[in-house]
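Since the structure comes first, as structure tokens, the remarks are kept for the end.
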Amino acid sequence: MTKFRHLIWLMIAAAGLMLSASHGFAQQPDTGDQPGLLADDQYQLDPEWQKQMVLYRSTEAPGTIIISTAERHLYLIQPGGRAIRYGIGVGRDGFQWQGLVNITRKAEWPDWTPPPEMIERQPYLPRFMAGGPGNPLGARAMYLGTTVYRIHGTNRPDTIGTKVSSGCFRLVNNDVADLYDRVPVGTKVIIRQKPEL
């Protein structure tokens, strides 16, 4: 009988431990989206993620955007085998995608309405947030096709070069403003998960 009681207590303790552990992991905040946080304008990007002109061989026309999620870079194709390369933050594991889209809309200091799927995963997020410095979409947004995804700024410059988003592509605000001024609505955007050979 004593062994049976001991076994019962061990099972209860194990069940309690499993429940407390699963509760601790459930609904942990996504550190990539912090509504209301003001961007640290003094933050210095690692040189790898800073905007720069690079050699880039491509058959795509100048003005095309190529996003390499594996490299965490966005390339704006220029004439003469060159591109402007920007460091970006990309979708976390399970939220990366690839495809061919066009920029269908552009907005300065865009409002943010997280889609229902995002609210379901992150119920602590606001249902709407007006554009401004504390908005996770940052200073500019370029909307990609008919998807819910965007190329946008961020109030978290420390996330550039990381995999934290729900599928959007984020740049520091100065870089997204620069890109925004260089590309019109209709710009072709190619999203690749693997580097081209």
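Overview of results
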quantity	calculated
All positions within the stretch 154-181 that are under 22 Å from residue 122 (Cβ atoms), outside any loop (DSSP other than H, G, I, E, B) and among the hydrophobic types (A, V, I, L, M, F, W, C)	164, 169
Residues (more than 14 Å from residue 85 (Cβ to Cβ), loosely packed, with under 11 Cβ neighbours inside 10 Å and not hydrophobic (A, V, I, L, M, F, W, C)) located in the stretch 49-64	59
Test: residue 158 is more than 16 Å from the chain's Cα centre (by Cα), surrounded by fewer than 19 Cβ atoms within 10 Å (Cβ to Cβ) and either touching a residue at least 60 places away in the same chain (Cβ under 8 Å) or more than 15 Å from residue 88 (Cα to Cα) (or both)	no
Residue in the stretch 134-151 that is of a type in the set (A, V, I, L, M, F, W, C), within 19 Å of residue 186 (Cα to Cα) and at pLDDT below 95 present	yes
Count of residues meeting criterion [closer than 25 Å to residue 44 by Cα and not charged (D, E, K, R)] in the stretch 78-101	8
Residues (among the aliphatic types (A, V, I, L, M), touching a residue at least 12 places away in the same chain (Cβ under 8 Å) and surrounded by fewer than 20 Cβ atoms within 10 Å (Cβ to Cβ)) located in the stretch 165-197	177, 183, 185, 190
Unmet criterion (only one of (1) more than 14 Å from residue 157 (Cα to Cα); (2) surrounded by fewer than 17 Cβ atoms within 10 Å (Cβ to Cβ)) for residue 43	(1)
Residue ID - surrounded by the fewest Cβ atoms within 10 Å (Cβ to Cβ), chosen from residues in the stretch 100-131 that are in contact with a strand residue (DSSP E or B) (Cβ under 6 Å, 6 or more places away or on another chain) and of a type in the set (A, V, I, L, M, F, W, C)	100
Test: residue in the stretch 18-38 that is among the aliphatic types (A, V, I, L, M), buried (at least 17 other Cβ atoms within 10 Å of the Cβ), on the phi < 0 side of the Ramachandran plot and modelled with pLDDT of 75 or more	no
Matching residues, the stretch 63-95, being of a type in the set (Asp, Glu) and more than 21 Å from residue 174 (Cβ to Cβ)	93
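The values are calculated or read from the model by the stated rules, or taken from the named source; none is laboratory data. Predicted, not measured: the structure shown is a model, and the values here were computed from it. All Cβ positions, even for glycine, are placed from backbone atoms using ideal geometry, and neighbour counts span all protein chains on display.
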